[in-house]
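Taking it in order: structure first as structure tokens, then the write-up.
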Amino acid sequence: MLQTVPAQHQVNQTIATVFNEIADLLEVEDANPFRVRAYRNAARVIDGMAEGVDVMLARGADLAELPGIGTDLAAKMREIVETGTCSMLVRVRGEVPQSMVQLLQLPGLGPKRARMLQHELGITTLDDLAKAATTHQIRALHGFGTQSEQRLLQAVSARLERHRRYGLVVAKPCAEALTRYLQASGTVEQLVVAGSYRRGLDTIGDLDLLVTARNAALVIEYFVQYREVASRISAGTTRASVVLKNGMQIDLRVVKPAAFGAALVYFTGSKPHNIALRKIAQAQGLKINEYGVFRDSERIAGQTEASVYRAVGLPWICPELREDQGELEAARKGMLPTLVEERDAKGDLHVHTTASDGTASLEAMAEQARRRGLQYLAITDHSPRIAVTHGLTAERLAAQADAIDRFNAEHEGWPVLLKGVEVDILEDGSLDLPDAVLGRLDLVIGAVHSHFILPMEKQTTRILRAIDHPHFSILAHPLGRLIGERNACNVDLKRVLKAIAERGCYVEANAQPARLDLSDYGCRLAKATGVLVSIASDAHSPADLANLAFGVTQARRGWLEQADVLNTRPLNALLALLKGTM
Ligand code: DGT
Ligand code: CA
Ligand code: CA
């Protein structure tokens, strides 16, 4: 006999899901429990109805007559049917921190338990939860036990693993500390951090360490005892995986010296590069894998990366290029680019001092530039618009320009300081300082620091208008992204770069590790458009001048050569190029 199953209405389910989420969020906010219950009851009623809410509305039914649904909820149901969303949900989502919303999405963690974790242990993010679970703080709470702690740990690890990518601000110190630790053991011979880290990607999923050692077991044992390890995923005879306290996963593999180069190629990736390389080998009757290059069963290469590439008829390819974006074709034709290097940079065209939001004086910044062997350093403090940066008014900027002239006159043999400014591009595309003072400078960097969210056409027109300004030189951090915090603006980058080329201006590859903006892709686009790129530290302290290296890596990933980079020009050539913009 057939059972009658209540009809599943897509619309009803959508409404029920929205109401349940609103209830969850209100509960986290400590809202009136009656209000919370009203949304939950309504969700249950709607989910169980035999007729679709859309059908009911179409026949003119009064939703407010449904059990537990008043005029307010009825209006929201109509809104969801008509618009597919609910403005109330959008609003409460905005009120509850995003990290809390993520916690609530974990299976087995409702608002009551989430609130308890927050009150008892201060847990408000997935990271907090992972930490508390790995250190067994949760099992002691009332209503939680060992089992639910383990289930939560699994759920949160899976979620973090799937979504979490780490900026270089976290990944680099992490990789360097681990490298020092392993090298200090004396058990490791060669050691390379491979994977996306070696390719110089701007974010890292996990770290892939490759080592050679006489005694693999010893290395593994030492590795899993690293003080930053929060949990072990696996530990075998030649490989191990752990999760660190900051949530980052580390894979370690111990390989034979004869296979080190092959393993390095394999675990540096990228996967698409590996696959394309394998096809090239196959076409020559060769087999390539992480153990070597083989003809039949004979290993013909594998000890070094160069030997692996040579065996398939190619020159060695820089890790930054290994994305299957044309590098194998270029290698085959002998047309690989000679990528720009950090030592090619003759100066830095974007730094701040205590005059705005920097932490060091003009003299201290110059001193550090001298130590780093730079020929020139552009002082580019903020304009007044954004109050927190203590931006320079026209008068203060003029005074700073005088001070720079004096400094240069009194410091022969030092890096030459250039008079610049990082001027705000206002919402309408005008600049935040008068022409008269801008005209006196060596360069004008323009940047967006407000109204990041605008429709693409508006945002693009705004920037185009700024570039058209008679004194505009360089567009700083063009997309305004902050890795892991703020998405790139909605801008037609191709159009912007084309305008920059036509106007004879330049674009910046901001080297702050949280910005990296232009990105690798943007650098390549700039080159294709014929725009020179200023790789700039955007230093706010003397130590920040070292950021330049991060920018150089992205530029290399964007195929840039020395000639493609503005600040590889010696001072006189640079000044001539900047003069063209002013
Ligand atoms: P990530 O960790 O997401 O930032 O990116 P990767 O590139 O480090 O990727 P990961 O850690 O999954 O793997 C490291 C390298 O191992 C990867 O770049 C290429 C290689 N690899 C991993 N899985 C495969 C595969 O299925 N086939 C091939 N050919 N190579 C692979
Ligand atoms: Ca990786
Ligand atoms: Ca990995």
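List the trypsin sites (Lys or Arg not before Pro) within segment 382-453 that DSSP assigns to loop and that have no more than 11 neighbouring Cβ atoms inside 10 Å. Could you put the intermediate results ahead of the total?
Numbers: sites: ARG385, ARG396, ARG406, LYS419, ARG440; in loops: ARG385, ARG440.
Counting only loop positions with at most 11 other Cβ atoms within 10 Å, none of the trypsin sites (Lys or Arg not before Pro) in segment 382-453 qualifies.
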Mind listing the phi-derived Karplus ³J(HN,Hα) values for segment 12-22, rounded to whole Hz, using 6.51, -1.76 and 1.60 with θ = phi - 60°, and x for any glycine or proline?
-> 4, 5, 4, 4, 4, 4, 4, 5, 5, 5, 4
What spacing in nm lies between the two simple spin-label points modelled at ARG299 and GLN284, each 7 Å away from Cα in the Cβ direction?
-> 1.8 nm
For the chain the mean separation of alpha carbon contacts under 8 Å (6+ apart) over residue count, i.e. relative contact order in percent, is 9 percent
Sparse-neighbour loop sites [GluC sites (Glu not before Pro); segment 353-418; at most 15 other C-beta within 10 Å; DSSP] = GLU412
Enumerate the amide H contacts of ASN490 below 5 Å, restricted to partners 5 or more residues apart or on another chain; note that Pro and chain-start residues carry no placed amide H.
-> LEU454
Using just the helices of the chain, give the 222 nm mean residue ellipticity in deg cm²/dmol: DSSP H runs with n ≥ 4 each add -39,500 (n - 2.57), and the total is spread over all residues, rounded to 500.
-> -13000 deg cm²/dmol
Name the long-range amide H neighbours of LEU349: under 5 Å, sequence gap of 5 or more, or other chain; modelled H, no Pro or chain starts.
-> ALA378, SER537
With r as the distance between the Cβ atoms of GLU82 and ASP127 and R0 = 51 Å, compute the FRET efficiency 1/(1 + (r/R0)^6) and round to 0.05.
-> 0.85
For VAL448, other-chain or 5+-apart residues with amide H closer than 5 Å (H placed, Pro excluded) are ILE425
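In this model, which of LYS256/LYS527; LYS419/LYS527; LYS112/LYS458; LYS458/LYS527; LYS419/LYS498 are farther than 32 Å apart at the alpha-carbon? Let's see the in-between values first.
On the way: LYS256/LYS527 41 Å; LYS419/LYS527 27 Å; LYS112/LYS458 44 Å; LYS458/LYS527 25 Å; LYS419/LYS498 27 Å.
As for pairs spanning more than 32 Å Cα to Cα, those are LYS256/LYS527; LYS112/LYS458.
Sorting THR389, THR380 on the 10 Å Cβ count, fewest up front, what's the list?
Working: THR389 19, THR380 30.
With the fewest neighbours first, THR389, THR380 line up as THR389, THR380.
Over segment 193-282, what is the relative contact order in whole percent, taking alpha-carbon pairs under 8 Å and six or more residues apart?
Working: 131 pairs, mean separation 27.9, N = 90.
Rounded, it is 31 percent for segment 193-282.
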In segment 7-77, the GluC sites (Glu not before Pro) that fall in loop regions by DSSP, at most 15 other Cβ within 10 Å | GLU29, GLU51
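Only the coordinates and a few stated rules stand behind these numbers; no lab work does. No experiment lies behind these values; they were computed from the predicted model shown. Quick reminder, even Gly has a Cβ in these numbers, built from the backbone with ideal geometry, and neighbours come from all protein chains shown.
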